[in-house]
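Accompanying notes for the structure given below.
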Amino acid sequence: MNDESDHELIRTFLLFHLNLNFSTLEVSDRPKVIDRCYEPLLQMAENSRRPMAIEFSGFTLGQLAELAPDWVERLRNAVVSGQVEIIGSGWAQVIGPLVPKDVNDWNQKLGRDAYREILGIEPTVALVNEMAFSAGLVDVYADAGYGGLILDRENVRAALGMEDRAPHFSPVAVRGPLGSVLPVVWSDVVLFQRFQRVVHGEISLEDYLATLGDRVGE
């Protein structure tokens, strides 16, 4: 093997989470969030040469269709052009391990119905709500039609007692009790929390980029 093939290719993805049902967000402020946050985000996707992923619940998508139909139409066009990939969530951000399987099944069904009816698509990858994972959820997401999951790497590694092992030893798939197996894309809690601090002006963009470089190089 040559030197180039000895180095593993590290792929990173840009994912944004949208939630108009956030607990501290007043209903009357939803149009303001769309105008100040979601509009610039979509403009960035439309103007970027690199695709990005956007995740939202079926409920949030329904609110966007009602409050900003032009925005939803532009999003649909961005999906068709390959500028945006939609990541699934469910109808609501349900903490899956705390509710019965029937609730999880219906949450995913209603969410996928919304994506199909409003955007004309069915996402292939889902972000596990609130990063609260249990093995039973694998079968729920697989039965709903998803082909992969996004999970938080650090919490899973802590639960498995893998903190002392290099990050690239993390699992690549999860298995449900009924036999379903789904591949995993790992999210990074450190990076998204530090990104929030950049947005709030608590740390500089340069500090964030330095952390990003360190995390990717682990």
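The values are calculated or read from the model by the stated rules, or taken from the named source; none is laboratory data. Keep in mind it's a predicted model, so treat the numbers as computed, not measured. For neighbour counting, all protein chains shown are included, and Cβ atoms are generated from backbone atoms with ideal geometry for every residue, glycine included. Heavy atoms of the whole protein, side chains included, go into the accessibility calculation; ligands, DNA and RNA do not. Shrake-Rupley method; radii C 1.70, N 1.55, O 1.52, S 1.80 Å.
For the chain, the Cα-based Rg and Dmax, in that order, read 18.2, 60 Å. Here each label is just a point 7 Å from Cα along the line to Cβ, and for GLN43 and PHE192 those points are 2.5 nm apart.
For region 100-218, the alpha-carbon radius of gyration amounts to 1.24 times the rule-of-thumb value 2.2 N^0.38 Å expected for a compact globular protein. For region 60-113, dividing the convex hull volume of the Cα atoms by the residue count gives 81 Å³ per residue.
The stretch between SER204 and SER134, if pulled fully straight at 0.36 nm per residue, gains 21.6 nm over its current Cα-Cα span. Only the Cβ atoms of Lys and Arg (+1) and of Asp and Glu (-1) were treated as charged; on that basis the dipole of region 68-218 about its Cα centre amounts to roughly 240 debye.
Within the accessible surface of the chain, defined with a 1.4 Å probe on protein heavy atoms only, the carbon and sulfur portion equals 54 percent.
Give the calculated FRET efficiency between LYS101 and ALA159 to the nearest 0.05, with a Förster radius of 22 Å applied to their Cβ-Cβ distance. Working from the Cβ atoms, E equals 0.55. Among the trypsin sites (Lys or Arg not before Pro) in region 148-186, those placed in a DSSP loop whose Cβ has at most 14 other Cβ atoms within 10 Å are ARG165. Overall, region 39-78 carries a charge dipole of about 240 debye about its Cα centre when +1 sits on the Cβ of Lys and Arg and -1 on the Cβ of Asp and Glu, all other atoms neutral.
On average, how much accessible surface per residue is there in region 30-169, in Å², for a 1.4 Å probe, leaving out ligands, DNA and RNA? Don't skip to the end; give the middle numbers.
Working: 6880 Å² over 140 residues.
Roughly 49 Å² per residue, with all protein chains present.
Dipole check for region 140-207: with +1 at the C-beta of Lys and Arg, -1 at the C-beta of Asp and Glu, and the Cα centre as origin, the magnitude is about 240 Debye.
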